[in-house]
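Take a look at the structure below.
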Amino acid sequence: MAVSTDSPAHALQFWTTEQRDNVTVATFSNPPYNFVTREVFDELGQVVAGCEDPAIRAVVIRSDPQSPAGFSSYSVEELFGIASDPERSRYSGDLGRSLKANLDRLAALPKVTIAALNGNALGGSFELTLACDLRIGQHGDFRYGNPEVRAGVIPGGGGTQRITRLVGLARALDWVLRGRIVSPEVAFELGLVHEVVDDAVTRALELAKEIALLPPMAVANAKRALYQGADTHLQAAFEIENMNWTEVMQSDDAQLAMTTILGLKPENARDWFESENSKNYPAYSGH
């Protein structure tokens, strides 16, 4: 059952949210072309703040399914207004820092975030999806990419760094310096999206609901270990992993999960770990 979480006191112009059990679905809409702007990213920060509630265990971000534009691209009109004004362009780094601050808050959520790319996602819009943990592409006449150099600028919302960490420097150089935009299928081949399906939103919800059934602390600590470890050298990353391991080993949920496993017949243990069996897991408290 979908339940809206918006209220008049917290009305947003570009985003709506709804609850589907313990999964929040955030939908972006800015008709007619669905351009993203600084205001769109600022409102996203408010959406993310609401998703920090521990009762929410997964987040799906999508564009309005009624709009073929998808996430479209960053507003060139807004960027030109800055670039053509010497005073504003001199301090344009403030815009980049603001965009990154909101995306960093999204990336730092201690739960899985999944972008359903049910349309185009170019430039700053694609950078938004890069701040999510998983990206689900959708078959169709869509394009994903970072064409900023073709507009005389560079990715300014963290794209140069997130792309490098995602696919490596060699592919990131080809991607950014050529200002590439590609089909969903090519994006999958490059490792920029995790799956390409006929209905990205439906698949994103399936994954969100599956992960939401897992022990929340285990998901949060695994995510933290992966991201923090990727930004340092191997031995320091091992220590990061060890700290997160030690914390979850003291959790109530770890005891509950392992007690459940120990209660199974050995020949049934493998089937218990199958994704399809997640719906039969015990109710985890998050502690």
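The values are calculated or read from the model by the stated rules, or taken from the named source; none is laboratory data. No experiment lies behind these values; they were computed from the predicted model shown. So basically every Cβ, Gly included, is an ideal-geometry build from the backbone, and we count neighbours across all protein chains shown. Please note that ligands, DNA and RNA were not included when accessible areas were found on the heavy atoms of the full protein model with its side chains. Shrake-Rupley method; radii C 1.70, N 1.55, O 1.52, S 1.80 Å.
Which far-off residues, 5 or more places away or on another chain, put their amide H under 5 Å from the one on G70, with H placed in the peptide plane?
Amide H to amide H, under 5 Å and 5 or more residues apart or across chains, G70 pairs with N120.
Is any residue of the range 53-92 close enough, with backbone N under 16 Å, to a label point placed 7 angstrom from the Cα of D141 along the Cα-Cβ axis, and if so, which?
It comes to 67-70, nothing else.
What do you get for the angle between helix 200-212 and the principal long axis of the chain? Use alpha-carbon atoms, 0 to 90 degrees, nearest ten.
40 degrees
Go through (1) 68, 39, 36; (2) 62, 45, 37; (3) 68, 47, 35 and flag the label whose value is the computed Cα extents along the principal axes in Å for this structure.
It is the value labelled (3).
Between S84 and L12, what length in nm is gained on full extension when 0.36 nm per residue of separation is reduced by their alpha carbon distance?
Contour length minus Cα-Cα distance gives 23.0 nm.
For every helix of n ≥ 4 consecutive DSSP H residues, a contribution of -39,500 (n - 2.57) applies; sum these over the chain, divide by its total residues, and give [θ] at 222 nm rounded to the nearest 500 deg cm²/dmol.
-13500 deg cm²/dmol, from helical runs alone.
Among 178-191, 36-49, 130-143, how do they line up from the highest to the lowest mean number of other beta-carbon atoms within 10 Å?
130-143, 36-49, 178-191
Excluding L192 itself, calculate the net charge of residues whose Cβ lies under 15 Å from the Cβ of L192, where each Lys or Arg counts +1 and each Asp or Glu counts -1.
Every neighbour counted, the sum reads +1.
Out of V153, V193, V25, any idea which swings most in a Gaussian network model of the chain, alpha carbons joined below 10 Å?
Result: V153 has the largest fluctuation of those listed.
Restricting to Cα pairs below 8 Å that are 6+ residues apart, what does the relative contact order work out to for the range 175-287? Please round to a whole percent.
Over the range 175-287, the number comes to 29 percent.
If the cut-off is a Cα-Cα distance under 18 Å, which lysines reach K265, setting aside same-chain residues fewer than 8 apart in sequence?
Partners found: none.
Ignoring ligands, DNA and RNA, please state the percent of accessible area on the chain from carbon and sulfur, probe 1.4 Å.
57 percent
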